[in-house]
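Okay, structure first, notes after.
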Amino acid sequence: MPTSAPAVVAEVLPIEEGLSSCMRMRGHLGVSTMEFMVKIDALPDVPRWAVLAAHTVPLVTLPSGLWRIAQVAGLPVADQLGRNGREAVVAILLTLITEGLALLTLGLVRPWGEVAPRWLPLIGGRRVHTLAVVVPAILGAAALCAIVGWFACTQAVGLIDRVAQTPAQQVLLVVCYSPLLAWAPLLAATTLAYYRRRTSVL
């Protein structure tokens, strides 16, 4: 027996209302989560894009560090599995130093980038001079540009062929190290935002 049009409409309307409610809830939760993630511990006058850029820097350095640790652990990420003791220590230290430097970018959007933490000797609790932050950050961004440019133009192809032999290993190596290309631009942009914010309130 055919169903009448009013009956079909009556059945469809509750479904549409339920989908609309789900979409509104999803949108609300998405915005709230993003605002929480982006604005966590950030200064209120920092632009949203600068907060995102600063928090992205430690993420772009993480894959290459994980790749080095995986190689040290003997996982099949490269043709040469594992390293000797000295090479393992160098790889782990390089990973820790790289990630530590990347985490310093958070200071460009957080309070401790303007007022030194109190636990620091001599300078704890004092206001950080703007140029004491901007100059090292800009020099670091310039050095990163030079290093990445030199490596990409002269060393990358040979390293990929030498370290990774299978197509899967080559793809993994490129995927893990390619995000480093974004480190210098993200650092430079966040530093510019920091400089503008600090000098505009002086």
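The values are calculated or read from the model by the stated rules, or taken from the named source; none is laboratory data. Just so it is clear, the structure is predicted and the values come from calculations on it, not from any experiment. FYI the Cβ positions are ideal-geometry reconstructions off the backbone, even for glycines, and counts take in every protein chain you see. Protein only, heavy atoms only, side chains kept; ligands, DNA and RNA dropped before computing areas. Shrake-Rupley method; radii C 1.70, N 1.55, O 1.52, S 1.80 Å.
Table: residues versus (1) open to solvent by 30 Å² or more (accessible area, probe 1.4 Å); (2) among the small types (Gly, Ala, Ser).
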{"residue": "TRP49", "(1), (2)": "yes, no"}
{"residue": "LEU52", "(1), (2)": "yes, no"}
{"residue": "VAL60", "(1), (2)": "no, no"}
{"residue": "GLY65", "(1), (2)": "no, yes"}
{"residue": "LEU75", "(1), (2)": "yes, no"}
{"residue": "LEU94", "(1), (2)": "yes, no"}
{"residue": "THR98", "(1), (2)": "no, no"}
{"residue": "ARG110", "(1), (2)": "yes, no"}
Cβ-Cβ under 7 Å pairs, at least 6 apart or on other chains, segment 178-190 side of a type in the set (Val, Ile, Thr), far side assigned to a helix (DSSP H, G or I) = THR190/ALA50; THR190/ALA53; THR190/ALA54; THR190/THR105; THR190/LEU108
message = Please count how many residues of segment 112-126 are open to solvent by less than 80 Å² (accessible area, probe 1.4 Å) and under 20 Å from LEU186 (Cβ atoms).
response = 2
Residue match in segment 183-192 (condition: closer than 19 Å to VAL72 by Cα and of a type in the set (A, V, I, L, M)) = no
task = Could you list all residues from segment 94-141 that are aliphatic (A, V, I, L, M), assigned to a loop (DSSP other than H, G, I, E, B) and under 19 Å from PRO44 (Cβ atoms)?
result = VAL109, VAL128
